Amino acid sequence: MNEYDDLPTMAPPMERDLSGFTTPAGNDQMPVPYGGASVIIQNNRDTTAKRVAVPRDSGRVFSIINASAASFGDQYTYAWDAKDKRTGRKSQIEGGTIKLANMLQRAYGNCMTDCDVSETPTHLIFKAYFVDFETGMSASRLFQQRKSQNTGMGDVERQADIVFQIGQSKAIRNVVLNALSDYATHAIEESKKGMLKKFADPSARELAHAFIDRGLERYEISEQALIAVVGRRRDDWDARNLAKAYTTMRAVVEGMVSAAEAFPSDAYADEINKEREKENDDLRSGAARRKSKAKDAPAAEADKPAADPAPEPEKAADPAKEEVKPEIHQQPGYKATGPEAAKTAAPADAGTKVGDDDACDDFLIDLKAAATFEAIETVRAQYSKLGWQAGHAMKLKNATVEARERVKDAARAAAKAPAAAEASTQQDAKAEPAIDEGDVLSRIEEMFEGLNTAADIGEAHRKAVHLTAGLSDAGKRQFEMILATAHKRAEAKAAEVRPGPAESTMLFGED
């Protein structure tokens, strides 16, 4: 007799078959409850080197990186100025974005990334993995994302979604840039070059300004704060100033830094701008004063009253009868020592002035304005009357040499200009290229001759890239054919030495 006896229509308890609710084969990941208890998903990502259908070619990897950086460099980097609390100095922090990490994975090939997540009441903890199938190398990185990060969204749920995506992207970016650090460093440098070239185009500059304006509006950043970071007003920006503003705003948009950390407050921005403007005014007024002083000096000398003529010296004795013996310091081979050296090193005229810093700056300004050799010699003669200290003398000597070289370069350019203009007017549309393409292509072909491995071909490719800069479209196609031929030769060579099944099993340690 039990409690079910009074319920004849109720079936007794039975065990349920849960086989239909098991995780599908090959998928050992389950959804993570968001906002509940801490759950850690684990996945076995250990792997050994595997044979792949298309082996990695380092030369092709670099080619893809360079091409992508030239086109999308503005989307691959971020940067902002951070103040060191210990030293009080500012230093620039820069890095690659998640888009750069995705590009590196595509270019590198035969690899994968994955990400696990756990959470605490205040943070999301991501563990990202990178696996290289060809070499068997794997790496992992932990990243802690705070849930309270401000993304500028008013909707709480939307805010939580964005914070989750930011943390996941940062974790994957960190592990990829860490695992492929050499490629990442090269890609960041190429991206910065590509961004500067891209901002030379007016349409690209317009898009960059629009991106900056959207960031200013979204994060409520004032124009004064932007000027304080860049150091110039927008009307005076060049490509580097625009790149600095763009990468700083991208760091904020990508969630790498908060707007309050990247941009100063309005009050502090006004102080920075006023101090910088005062420094610029001081520099401009100082240069103007020194220039005016240099111009007024000859006029002041002319206005001085003429000195009384020196009395005529008494008639000297007949030199034939009286021999004048030179002073000891005037005799050949004499070298002064000690205090005497300081006396003899100074000009003989006791009234000669010693050149100071202002006089040195005046000399450099006048020397920079000299456009001919005669003008340079005139400036040197004007200031050679001053006695210069050793440091000033060396500085002025180097500046004089640079001025002469500048005049020489200008003369060479002027001499070449008429010939170049005449040649350009006589050249038709089918003129021969300026360089000997046959010689360049022969040199490139010699560089790839006899190379049978992808690594050697990639190294030769990097060395040959600079030779292709002046080639015509036909020459560049010929270069691509040479490169393709070398790769085919390497693939054929690899197929000849590829081990058989038994040898392959031993090589890769498979059972």
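List of remarks:
- Summing charges over all other residues whose Cβ lies under 11 Å from the Cβ of A101, with Lys and Arg as +1 and Asp and Glu as -1, gives +4.
- Segment E449-I482, length gained on full extension (0.36 nm per residue, minus Cα span): 10.9 nm
- Compared with the direct C-alpha span, the chain from R146 to A492 gains 119.3 nm at full extension, assuming 0.36 nm per residue.
- Taken about its Cα centre, the range 58-198 carries a charge dipole of roughly 580 debye when the Cβ of each Lys and Arg holds +1 and the Cβ of each Asp and Glu holds -1.
- Residue by residue, the range 394-404 carries 3J(HN,Hα) couplings of 5, 4, 6, 5, 5, 5, 5, 4, 5, 5, 5 Hz when phi is fed to the Karplus relation 6.51 cos²θ - 1.76 cosθ + 1.60 (θ = phi - 60°); x denotes Gly or Pro.
- Cα gyration tensor shape for the range 81-216, rounded if a/c is under 1.5, else prolate or oblate: oblate
- Filter on K90/K170; K193/K274; K99/K244 - keep pairs with C-alpha separation over 28 Å: K193/K274
Each reported figure results from applying straightforward, stated rules to the coordinates on display, with no laboratory input. In this text, all values refer to a predicted model and were calculated from it rather than measured experimentally. Here Cβ is always computed from backbone atoms with ideal geometry, including for glycine, and neighbour counts include all displayed protein chains.
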